[in-house]
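Report on one structure; see the data block that follows.
The values are calculated or read from the model by the stated rules, or taken from the named source; none is laboratory data. Predicted model, so just to flag it, every value in this text is computed and none were measured. Cβ placement follows ideal geometry from the backbone for every residue including glycine, while neighbour counts extend to all protein chains displayed. Remember, those area values only see protein heavy atoms, side chains included, never the ligands or the DNA or RNA. Shrake-Rupley method; radii C 1.70, N 1.55, O 1.52, S 1.80 Å.
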Amino acid sequence: MSWGTELWDQFDNLEKHTQWGIDILEKYIKFVKERTEIEISYAKQLRNLSKKYQPKKNSKEEEEYKYTSCKAFISTLNEMNDYAGQHEVISENMTSQITVELTRYVQELKQERKSHFHDGRKAQQHIETCWKQLESSKRRFERDCKEADRAQQYFEKMDADINVTKADVEKARQQAQLRHQMAEESKADYSSTLQKFNHEQHEHYYTHIPSIFQKIQEMEERRIVRIGQSMKTYAEVDRQVIPIIGKCLDGIAKAAESIDQKNDSQLVIEAYKSGFEPPGDIEFEDYAQPMKRTISETSLSNSRGDSKTELKFASKSKGKLWPFIKKNKLMSLLTSPHQPPPPPPASASPSAVPNGPQSPKQQKEPLSHRFNEFMTSKPKIHCFRSLKRGLSLKLGAGPEDFSNLPPEQRRKKLQQKVDELNKEIQKEMDQRDAITKMKDVYIKNPQMGDPGSLDHKLIEVGQNIEKLRLEVQKFEAWLTEVEGRLPVRGEQARRQSGMYEAQNTPSVNNCAQDRESPDGSYTEEQSQENELKMMATDFDDEFDDEEPLPTIGTCKALYTFEGQNEGTISIAEGEILYVIEEDKGDGWTRIRRNEDEEGYVPTSYVEVYLDKNAKGAMTYI
């Protein structure tokens, strides 16, 4: 099967077919090129997707990815990043192995095709020229034969005519012979041309054209083979990355299998466990005997059992009463004075009140009494901005020993700090070893440097190590203290708590023990201070944007009052201030001097002028 023998007369159709083959090849190249662009775009989108959901460094979101489910999600994102890389590999391999190679081959194919069809056209032009020569020789031979016949007829006519002279007959005879001679020459030329044409034609159709068409056939078959190889390469490029893509998918499946719900639950416990015991039962307070609620009840020398109940309630219930108590009521309870206001002085002179109001730590109404009071009263929204501002001014930044945190969280923070310091010590020690080695090199090879130039660096590193070790010892001491005071859940802990409540003997040791919280790590003062810190932190986000309490009137200070206790504010005689909360029957009025200063003063020390239009306003006489 050869195009030269089977398609010897289909030169034009072969030219069209080979051009179509090149067009198909270029179309396939375009297809592969668009596929590579899709792969690149897909890989880019996958990478952007993976990057979009990666946790931001040094952010709260990064801390949340300690759970196994989140770690599995991170592994999925990383595997998707590798998955995207394989699609980039597909694009690169298709570009280098198919698109570039086929583009170069198409250029070569076009040149080869052009050369073959140029030879074919040249052969056709040659055979057409031979044909024209044959036609010309044939026409000349035909014309000479006709001329010779006419000359012979003319000679015979002249020879038969008796009136024609002998000279004319001889002339006609010579002309006839000349024409016959020319006809013979034309015949010989025509015969020679015909033989030559037949030879050329035979060579053209049986040698030249078959050879050219055979080359064109081979060229077309190579094109077909090449496009087949490219399609195979197309599949191989995809197949080569399938194992790696499979590993990526296996990694995602392995990450999913690594999710441990129990471990995540334990991490939640470690993250939010406070270390406190749940609050105990609230004692029954018999309001049928009103005489029990006297000022002497809050005296330090009075019933130790009541004092212990109050302290136990304050320490154990920190953060535990919020599910049952509105936050604004609890904050109002903690920020307002818990003692009766001092009586007004006999005169307006500041010396009339030499000691001022007694300390809330010495006289304090039991917390449970105020708890019952606001549980039965109508809730009222209070402003926490002033509380937050006051706590920030009073407490400042968090303490170095993390004593503002619950025991369990404090232990974690201290352990984390110890680990960080140990890492820093290790870095300093590595640096010291490196400097020591460099100094040894300088000693052996003085031309490389002066060994004495490294002494100050060694001294500096040694000092840093010593400082860090002291820091580690300090934090380890705090850590040991916290770990020794963490409560042990169980019957033993409850029995110990009951023993603390049962001790009523007034002694110094018992007083110190009464001030301890159930976890054994906080005194009364520390517990109250840390409680305020925690509440200020907890309410920070919820009430940060709350507007301050509106003024409901004004007041004039009748006497000078030194506000030395928490929640109170100092006033000078004759000073005009704003009233933001009226007396609730406890003898205290809440006032404001400016945006940053507000607090409670004894109602008897001021003359209040309430705005009649204010809600719930009443007139003090």
Got a sec? Which of K66, K56 is free of Cβ contacts under 8 Å to residues at least 40 places away in the same chain and either surrounded by 12 or more Cβ atoms within 10 Å (Cβ to Cβ) or under 40 Å from the mean Cα position of the chain (by Cα) (or both)?
-> K56
Subset tally (residues that are touching a Leu at 6+ places or on another chain (Cβ under 6 Å) and either modelled with pLDDT of 80 or more or in a helix (DSSP H, G or I) (or both)) for region 270-292 = 0
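Any chance region 160-173 includes a residue that's at pLDDT 90 or above, touching a helix residue (DSSP H, G or I) at 6+ places or on another chain (Cβ under 6 Å) and of a type in the set (V, I, T)?
Going through region 160-173, the residues at pLDDT 90 or above turn out to be none.
No.
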So which pairs qualify, if the first residue must be in region 11-31 and in contact (Cβ under 8 Å) with a residue 12 or more places away in the chain, the second must be open to solvent by 70 Å² or more (accessible area, probe 1.4 Å), the Cβ gap must be under 9 Å, and the two must be at least 6 apart or on different chains?
-> F11/R121; G21/I224; I22/K110; Y28/M231
Looking only at region 154-166, decide whether some residue is in a helix (DSSP H, G or I), among the β-branched types (V, I, T) and either open to solvent by less than 50 Å² (accessible area, probe 1.4 Å) or free of Cβ contacts under 8 Å to residues at least 40 places away in the same chain (or both).
-> no
Filtered residues of region 567-580 (kept if free of Cβ contacts under 8 Å to residues at least 40 places away in the same chain and charged (D, E, K, R)) = E575
Could you say whether any residue in region 471-478 is basic (K, R), at pLDDT below 85 and surrounded by 14 or more Cβ atoms within 10 Å (Cβ to Cβ)?
-> no
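How many residues does region 31-53 hold that are open to solvent by 70 Å² or more (accessible area, probe 1.4 Å) and either small (G, A, S) or outside any helix (DSSP H, G or I) (or both)? Explain how you work it out, then say what you get.
Pass one, region 31-53, residues open to solvent by 70 Å² or more (accessible area, probe 1.4 Å): 31, 33-34, 37-38, 40, 42, 44-45, 47-49, 51-53.
The next check asks that each one be either small (G, A, S) or outside any helix (DSSP H, G or I) (or both); those that pass are 53.
So the answer is 1.
I'd like the residue in region 579-596 that is of a type outside the set (S, T, N, Q) and under 12 Å from P548 (Cβ atoms) and, out of all such residues, is most open to solvent (accessible area, probe 1.4 Å).
Just the residues of region 579-596 that are of a type outside the set (S, T, N, Q), to begin with: 579-588, 590-593, 595-596.
Pick out the ones that are also under 12 Å from P548 (Cβ atoms) and you get 580-581, 590, 592, 595-596.
Details: I580: 4, E581: 11, R590: 20, R592: 32, E595: 129, D596: 97 Å².
In this case the residue turns out to be E595.
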Does any residue in region 552-566 that is among the polar types (S, T, N, Q) come within less than 7 Å, Cβ to Cβ, of a residue that is open to solvent by 50 Å² or more (accessible area, probe 1.4 Å) and outside any loop (DSSP other than H, G, I, E, B) six or more places away or on a different chain, and which pairs are these?
-> T554/I576; T554/Y578; T554/Y609; T560/P350
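Out of everything in region 216-271 that is closer than 17 Å to Y105 by Cβ and of a type in the set (G, A, S), what residue ends up being least open to solvent (accessible area, probe 1.4 Å)?
Applying the first criterion (closer than 17 Å to Y105 by Cβ) to region 216-271 yields 216, 218-234.
Within this subset, residues satisfying the condition of being of a type in the set (G, A, S) are 228, 230.
Working: G228: 36, S230: 8 Å².
Once the filter is applied, the top-ranked residue is S230.
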Of all residues in region 194-240, which are at pLDDT 90 or above and of a type in the set (V, I, T)?
-> I212, I216, I224, V225, I227, T233, V237
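Looking at R121, R113, R143, R179 in this structure, which one is in a helix (DSSP H, G or I), touching a helix residue (DSSP H, G or I) at 6+ places or on another chain (Cβ under 9 Å), open to solvent by 100 Å² or more (accessible area, probe 1.4 Å) and of a type outside the set (D, E)? Spell out the reasoning first.
Values: R121 fails: open to solvent by 100 Å² or more (accessible area, probe 1.4 Å); R113 fails: open to solvent by 100 Å² or more (accessible area, probe 1.4 Å); R179 fails: open to solvent by 100 Å² or more (accessible area, probe 1.4 Å).
Just a single option satisfies the conditions, and that option is R143.
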Take region 392-440 and flag every residue that is open to solvent by 80 Å² or more (accessible area, probe 1.4 Å) and either within 19 Å of A477 (Cα to Cα) or modelled with pLDDT under 80 (or both).
-> L393, K394, A397, E400, K413, Q416, E420, K423, E424
